[in-house]
Amino acid sequence: MGERMRNQLSRRRVTTFTLVVAFLGAGCAKKDQQATGDSVVASSTSATATDTSANKSLYDRLGGKAAITAVIDTFVARVAADARINKKFAKTNIPRVKTELVDQVCAETGGPCAYTGRSMKEAHRNMKVTDGEFNALVEDLTSALNTFKVPDREQKELLTALGAMKGDIVEVHTSATGTALPASFKPAPPLKDTTK
Ligand code: HEM
């Protein structure tokens, strides 16, 4: 096999890994460059000089939509198993929440998505979420990000963006967790299947 073909194959393997498994951000970008000798040459000649990890959107550094979807799946599984917060999801259509969360994270991090779900105030109105429950959810998200070895810098940027929504989500200022979902809470309807 020629050197060029070996490089191409190796690049394809690394790219697939980046998209599907990884969410590795900066660390993976470095591996990409080591694996593809020609792209290192190209970047030193200026054509891709702006395509460094420092200039990439958070969306790209997280690994794009497939990687974001993998993290959200793991995150929602953690939440479902977390007695500190899972009562709040008793009436919720989970496929809808997953879709909306992926779109929201994609849009917030500079990706090519539009978030079309409810505003954070509307989605969490009368849910009586506490500060303690908000922190528990952030812990579950951090744990999912760690599972996919997302570097500290990307974790901080994402949590800062989402943390800014806290004022619209928390309605009860206590450290209590595991509080009930009010009986009067009205969940959002399932999303229409746009593939049909
Ligand atoms: C930064 C933190 C949070 C973000 C970014 C966030 C984001 C979202 C999004 C995008 C939705 C979907 C809205 C829609 O369907 O239109 C949603 C729904 C929901 N969130 Fe959050 N959320 C956060 C914190 C929390 C916390 C702390 C809890 C409870 C402990 C919670 C419980 C829920 C529930 C139960 C739903 C479904 C509501 C329904 O069934 O209509 N969220 N959230």
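Scanning segment 119-135 for residues that are surrounded by 13 or more Cβ atoms within 10 Å (Cβ to Cβ) and either within 20 Å of ALA70 (Cα to Cα) or basic (Lys, Arg) (or both) yields ARG125, LYS128. Looking only at segment 183-196, residues that are more than 17 Å from LEU101 (Cβ to Cβ) and surrounded by 12 or more Cβ atoms within 10 Å (Cβ to Cβ) come to 1 in all.
Any residue in segment 167-174 that is without any contact (Cβ under 8 Å) to a residue 60 or more places away in the chain and near the ligand (Cβ under 8 Å from one of its atoms)? Quick ask: steps written out before the conclusion?
To start, the set of residues in segment 167-174 that are without any contact (Cβ under 8 Å) to a residue 60 or more places away in the chain comprises 167-174.
Retained after the next criterion (residues that are near the ligand (Cβ under 8 Å from one of its atoms)): 169-170.
The answer is yes, given that some residue of segment 167-174 is without any contact (Cβ under 8 Å) to a residue 60 or more places away in the chain and near the ligand (Cβ under 8 Å from one of its atoms).
Counting the residues of segment 67-112 that are surrounded by 15 or more Cβ atoms within 10 Å (Cβ to Cβ), closer than 16 Å to ALA144 by Cβ and aliphatic (A, V, I, L, M) gives 12.
Of the residues making up segment 159-175, those that are assigned to a helix (DSSP H, G or I), out of contact with any His (no Cβ under 8 Å at 6 or more places or on another chain) and surrounded by 14 or more Cβ atoms within 10 Å (Cβ to Cβ) number 4. Do we have any residue at all in segment 140-158 that's near the ligand (Cβ under 9 Å from one of its atoms) and surrounded by fewer than 15 Cβ atoms within 10 Å (Cβ to Cβ)? Looking through segment 140-158, none of the residues is near the ligand (Cβ under 9 Å from one of its atoms) and surrounded by fewer than 15 Cβ atoms within 10 Å (Cβ to Cβ).
What number of residues in segment 106-139 are of a type in the set (A, V, I, L, M), under 21 Å from LEU191 (Cα atoms) and within 8 Å of the ligand (Cβ to nearest atom)?
The qualifying residues number 3.
Cβ-Cβ contacts under 8 Å between residues 6 or more apart (or on different chains), taken from a first residue in segment 141-164 that is closer than 20 Å to SER53 by Cα to a second residue that is of a type in the set (Lys, Arg), are listed as GLU154/ARG61.
Residues of segment 73-93 that are free of Cβ contacts under 8 Å to residues at least 40 places away in the same chain, under 16 Å from the mean Cα position of the chain (by Cα) and within 13 Å of the ligand (Cβ to nearest atom): VAL76 alone. Count of segment 113-140 residues, restricted to those that are within 19 Å of the chain's Cα centre (by Cα) and over 20 Å from ALA90 (Cβ atoms), is 8.
Taken together, the values in this text are just the output of simple stated rules run on the coordinates, not laboratory data. All figures in this text were calculated on a predicted structure; none of them were measured in a lab. Note: ideal-geometry Cβ built from the backbone for every residue, glycine included; neighbour counts use all protein chains shown.
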